[in-house]
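The values are calculated or read from the model by the stated rules, or taken from the named source; none is laboratory data. Computed from a predicted structure; not experimentally measured. Note that each Cβ is placed from the backbone with ideal geometry, even for glycine, and that neighbours are counted across all protein chains shown. Side chains are part of the model used for accessible areas, which takes the heavy atoms of the whole protein and leaves out ligands, DNA and RNA. Shrake-Rupley method; radii C 1.70, N 1.55, O 1.52, S 1.80 Å.
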Amino acid sequence: MSDDAHLISLRDEVRTWLEANAPKGWRDAYAGMTHAEFAQAQRDWFQTLVRGGYAIPHWPKEWPGGGRSLAEQKVIYEELAQADCPRLLLSFVSTYHAASTLMECGNDTQKARYLPRILEGETWCQGFSEPGAGSDLASLKCKAERRGDVYVINGQKVWSTMAQYADKCLLLVRTNSEGAKQAGITFLLMDMKAKGVTVKPINQIQGDQEFCEMFLDDVEVPVEERVGEENAGWAVAQATLSSERGLTLMELSYRMRGALRRVAGLIRQHGRENDQGILRDFGQLVARVDSACAIADQFLLNRMNGIERVGDASVVKNTYSRVLREYSLLGLRLGGLEEQTRHAITYGDLNTGNWMADFMNSYAWTIAGGSEEVQRNIVAERMLEMQREPKGWAA
Amino acid sequence: MIELSELQDAASKAFPADQLRPERDAAWQLAAEMGWLMMPVSEEAGGLGLGRDASATVLCEMGRVLGTAPLISALLTVQALGEASELTDQQGWIERACAGEYIAMNLDRATISLGAGDVLDATLPAVPDADMASHTLVFGPEFCALVPLDAPGVTVTERHMWDESRRLFDVTVADHTIEPGMFLAKGAAATAIGDALRTGLVLAVAADSLGGAAACLSMTVEYLKTRRQFDRPLAMFQALKHRCADLKIELGAAEALLWARAGDEAATTTDIGSAKVLACDIFRKIAEEAIQLHGGIGLTDEHMCHLFMKRAMLNLQLGGDLDVWRERAGRQVLASFAD
Ligand SMILES: Cc1cc2nc3c(=O)[nH]c(=O)nc-3n(C[C@H](O)[C@H](O)[C@H](O)COP(=O)(O)OP(=O)(O)OC[C@H]3O[C@@H](n4cnc5c(N)ncnc54)[C@H](O)[C@@H]3O)c2cc1C
């Protein structure tokens with residue numbers, strides 16, 4: 001079968017499967033769910049996808065549903081977006097961040113122990129950020145002391161997404177305070193049920209409790225749970241952070257393209273089909289959303305051809321996050337006072353049509369995963385090669 | 001099949017980035033020698049049979065160097081010649097046009113009346129480089145024809161544009177009888193040619209804008225890297241870095257959209273119009289910022305900043321203004337979500 005024919009048949013296969021298996025009417029069912037109910041719904045949906053063979057297309061081929069080429073992965077995500085399925089949020093850290101870290105840097109015992117559990121639904125969270133270490137992640141302070149064959153951890157983590165449901169945590173700790181800050185970091189796999197782990201969900205502006213604080217008091221982590229060597233955790237963390245390159249933003253851009261339907265609905269609902277100003281702003285948004293789709297596609301096509309220039313991912317991310325903001329702002333403008341009335345939030349999507357909630361959620365994309373400003377630094381300094389500021393500022 | 005990247009390489013070798021505003025007549029000759037005028041003509045008719053993305057690729061490179069030769073109009077008219085159904089000696093016309101005989105067309109909306117006996121009265125605004133053209137193509141309701149610029153009743157007057165990288169002329173035609181063999185097409189076939197010309201113009205201006213935008217941004221970034229104030233290169237100031245990064249990011253998105261649309265045969269004129277919105281808007285923004293970020297030198301006639309700025313401002317006006325395309329894109333998508 002030619003490449004194209006093969007992808008077309010895969011597309012048909014995924015579409016047919018989704019018609020039979022994707023949760024129907026999930027938006028109504030999810031509206032007003034508690035966060036815990038949402039987490040359960042996510043577990044169920046993940047297991048359905050695992051059974052269908054579409055949950056881990058990026059894993060190697062020994063795994064059921066794994067071994068998909070990037071082109072095949074793209075087809076699968078396009079179809080998930082097209083079918084407007086709930087997004088996989090709860091399993092994201094486990095299937096991408098944890099799995100890639102283990103596959104790239106874990107030892108055989110760790111892989112054999114954890115990869116099957118991830119497929120069975122074990123959930124993971126990421127414990128990188130701290131109150132004092134955000135964009136400057138390498139300045140993290142959460143301390144680990146080696147005592148025999150355990151590390152004893154003391155410190156605090158923050159903004160850890162869905163940590164309240166997690167079984168395991170990808171944890172970055174400081175094992176050496178001398179020398180370069182990157183050189184004293186160690187990467188551990190921490191059991192969330194271990195003694196001394198306290199997780200507190202954080203109340204967020206949209207009424208959600210998506211991320212958590214984590215307090216670690218004398219938590220013991222066995223040395224065999226270390227990934228890579230002691231003090232070599234920074235390089236491991238890079239594997240974690242680059243685990244997902246482009247597919248999510250492509251999927252999300254396509255979802256936003258489909259969700260332009262919601263803006264169109266508002267235009268009709270408010271009788272503004274012939275309001276030239278609104279039509280122009282809508283047309284501008286359409287062009288921007290289409291450009292976000294086009295650049296996400298281009299990034300993936302380049303990767304399929306082995307091309308990835310430094311900064312490309314930053315351009316894609318900032319394009320998406322900006323356009324997402326523009327999208328929600330137009331919705332708010334059209335929605336008027338009604339959208340200032342608090343409606344229950346629907347989990348599982350960023351373009352829900354609850355415009356204030358969508359607007360607030362759009363900040364996740366301009367702040368997390370390397371903020372918009374940090375991406376600008378990358379584009380300026382590494383793509384445009386503008387000179388870096390001298391290091392070593394001291395108050 | 002010629003790859004777009006090969007075309008791009010050839011164009012950037014023939015017109016190196018450091019030679020802005022190449023002399024027009026030499027540039028025109030070089031473009032003809034490179035075979036560019038044959039790109040839009042089908043292989044059966046002796047052309048290269050390349051798609052609209054090929055023309056866009058070359059035009060983008062010409063935008064980069066503020067190209068002065070009238071390739072936007074020439075590529076469109078040669079394509080129209082290829083699509084002609086009634087033209088006498090069509091093959092001869094195509095050969096001459098491919099070899100460098102320039103057939104012009106108006107880039108702004110014409111006023112046209114075609115009376116009994118095919119007597120034409122017309123005002124054709126914004127005809128590029130009419131001084132070097134033998135004919136101009138007139139496309140009106142249900143007809144498309146060639147008018148010799150030296151015919152009696154035809155006047156050609158240069159407009160003095162702010163943008164000196166292009167020369168535009170106004171052509172008027174009074175009481176001119178179109179010879180039967182000079183019609184490219186009539187009726188629906190002519191309307192189709194006219195539509196293709198209008199769409200092609202939108203794409204061409206968008207491509208030119210992206211080339212200009214990229215060149216202007218890199219010129220500006222290079223300047224910031226070398227200009228020192230406060231004992232450091234200006235490029236080190238984050239306020240300036242972030243402005244440049246945002247321009248680069250917006251340019252990247254505009255480029256992605258344009259190349260996706262240029263390569264998509266199913267893209268509607270409105271879809272191309274959306275690509276023009278982003279392309280011309282980012283060219284305007286980059287050119288506007290370029291002057292600011294160059295400081296005083298950016299206001300001098302000697303520096304290239306203003307040439308980019310003036311071309312960016314002109315491009316906004318060619319091929320339909322951005323608000324028109326925004327509105328059409330809005331209507332198109334609104335209609336697509338009809339339920
Ligand atoms: C929704 C969400 C989910 C998250 N999930 C997780 C998770 O699961 N696990 C985890 O470990 N972390 C998570 N994070 C944390 C995220 O990685 C940090 O928020 C991010 O790194 C920014 O750090 P900060 O919040 O401390 O902001 P700061 O770094 O304090 O930044 C504050 C402001 O200063 C700007 N700034 C910072 N440095 C620079 C600079 N060099 N130049 C210019 N401007 C700068 C920033 O862009 C921002 O605008 C999440 C965050 C969000 C919003």
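Per-structure values
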| read-out | value |
| --- | --- |
| Of all residues making up segment A:10-24, the number that are open to solvent by 50 Å² or more (accessible area, probe 1.4 Å) and farther than 16 Å from A:THR48 by Cα | 2 |
| Some residue of segment A:310-329 being within 20 Å of B:LYS241 (Cβ to Cβ), within 11 Å of the ligand (Cβ to nearest atom), at pLDDT below 95 and not in a helix (DSSP H, G or I) | no |
| Search result, residues across segment B:225-237 that are within 8 Å of chain A (Cβ to nearest Cβ) and open to solvent by less than 80 Å² (accessible area, probe 1.4 Å) | B:LYS225, B:PRO233, B:ALA235, B:MET236 |
| Sole residue being within 9 Å of another protein chain (Cβ to nearest Cβ) and either more than 30 Å from B:HIS242 (Cβ to Cβ) or within 17 Å of the chain's Cα centre (by Cα) (or both), chosen from B:GLU265, B:GLU327 | B:GLU327 |
| Pair list, Cβ < 8 Å and 6+ apart or interchain, from segment A:116-134 residues that are at positive phi to residues that are within 16 Å of the ligand (Cβ to nearest atom) and of a type in the set (S, T, N, Q) | A:GLY121/A:SER91 |
| Residue count for segment A:142-164, restricted to those that are outside any strand (DSSP E or B) and more than 12 Å from the ligand (Cβ to nearest atom) | 2 |
| Filtered residues of segment A:1-59 (kept if charged (D, E, K, R) and more than 29 Å from A:ALA357 (Cα to Cα)) | A:ASP3, A:ASP4, A:ARG11, A:ASP12, A:GLU13, A:ARG15, A:ARG51 |
| Single residue of B:LEU87, B:LEU66, B:LEU7 found to be part of a helix (DSSP H, G or I), of a type in the set (A, V, I, L, M) and open to solvent by less than 60 Å² (accessible area, probe 1.4 Å) | B:LEU7 |
| Only one of A:SER135, A:SER129, A:SER139, A:SER100 that is within 14 Å of chain B (Cβ to nearest Cβ), within 16 Å of the ligand (Cβ to nearest atom) and not hydrophobic (A, V, I, L, M, F, W, C) | A:SER135 |
| Residue selected from segment A:315-329 under the condition under 15 Å from A:ALA357 (Cβ atoms) and in contact (Cβ under 8 Å) with a residue 40 or more places away in the chain, by the criterion farthest from the chain's Cα centre (by Cα) | A:TYR327 |
| Residues (open to solvent by 30 Å² or more (accessible area, probe 1.4 Å) and outside any strand (DSSP E or B)) located in segment A:188-201 | A:LYS193, A:LYS195 |
| Selection from segment A:377-387 of residues that are more than 13 Å from B:HIS242 (Cβ to Cβ) and either more than 7 Å from chain B (Cβ to nearest Cβ) or among the acidic types (Asp, Glu) (or both) | A:ARG382, A:GLU385 |
| Check on A:ILE185, within 15 Å of the ligand (Cβ to nearest atom), open to solvent by 50 Å² or more (accessible area, probe 1.4 Å) and touching a residue at least 40 places away in the same chain (Cβ under 8 Å) | no |
| Subset of segment B:253-277 that is farther than 10 Å from B:LEU203 by Cβ and outside any helix (DSSP H, G or I) - its residue that is most open to solvent (accessible area, probe 1.4 Å) | B:GLU265 |
| Lone qualifier among B:LEU4, B:LEU76, B:LEU87 - being under 14 Å from B:ALA207 (Cβ atoms), touching a residue at least 24 places away in the same chain (Cβ under 8 Å) and touching a strand residue (DSSP E or B) at 6+ places or on another chain (Cβ under 7 Å) | B:LEU76 |
| Residue check, B:PHE183 among the aromatic types (Phe, Trp, Tyr), free of Cβ contacts under 8 Å to residues at least 60 places away in the same chain and crowded, with 16+ Cβ neighbours inside 10 Å | no |
| Selected residue (only one of B:ALA99, B:ALA32, B:ALA122, B:ALA56 is in contact with a Leu (Cβ under 8 Å, 6 or more places away or on another chain) and open to solvent by less than 30 Å² (accessible area, probe 1.4 Å)) | B:ALA56 |
| Residue within segment A:73-86 that is outside any helix (DSSP H, G or I) and open to solvent by 10 Å² or more (accessible area, probe 1.4 Å) present | yes |
| All positions within segment B:317-330 that are crowded, with 17+ Cβ neighbours inside 10 Å and not in a loop (DSSP other than H, G, I, E, B) | B:LEU322, B:TRP325, B:ARG326, B:GLU327, B:ARG328, B:ALA329, B:GLY330 |
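Conditions tested, residue by residue: (1) of a type in the set (A, V, I, L, M, F, W, C); (2) within 13 Å of chain B (Cβ to nearest Cβ); (3) farther than 30 Å from B:GLY263 by Cβ.
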{"position": "A:MET304", "(1), (2), (3)": "yes, no, no"}
{"position": "A:GLY311", "(1), (2), (3)": "no, yes, no"}
{"position": "A:LEU330", "(1), (2), (3)": "yes, yes, no"}
{"position": "A:ASN354", "(1), (2), (3)": "no, no, yes"}
{"position": "A:MET360", "(1), (2), (3)": "yes, no, yes"}
{"position": "A:GLN375", "(1), (2), (3)": "no, yes, no"}
{"position": "A:ALA394", "(1), (2), (3)": "yes, no, yes"}
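Each row is one residue, and each column tells you yes or no for (1) within 15 Å of the ligand (Cβ to nearest atom); (2) more than 20 Å from A:GLY265 (Cα to Cα); (3) of a type outside the set (S, T, N, Q); (4) open to solvent by less than 40 Å² (accessible area, probe 1.4 Å).
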site	(1), (2), (3), (4)
A:GLY336	no, no, yes, yes
A:ALA344	no, no, yes, no
A:TYR347	yes, yes, yes, yes
A:LEU350	yes, no, yes, yes
A:ASN354	no, no, no, yes
A:SER362	yes, yes, no, yes
A:ARG376	yes, yes, yes, yes
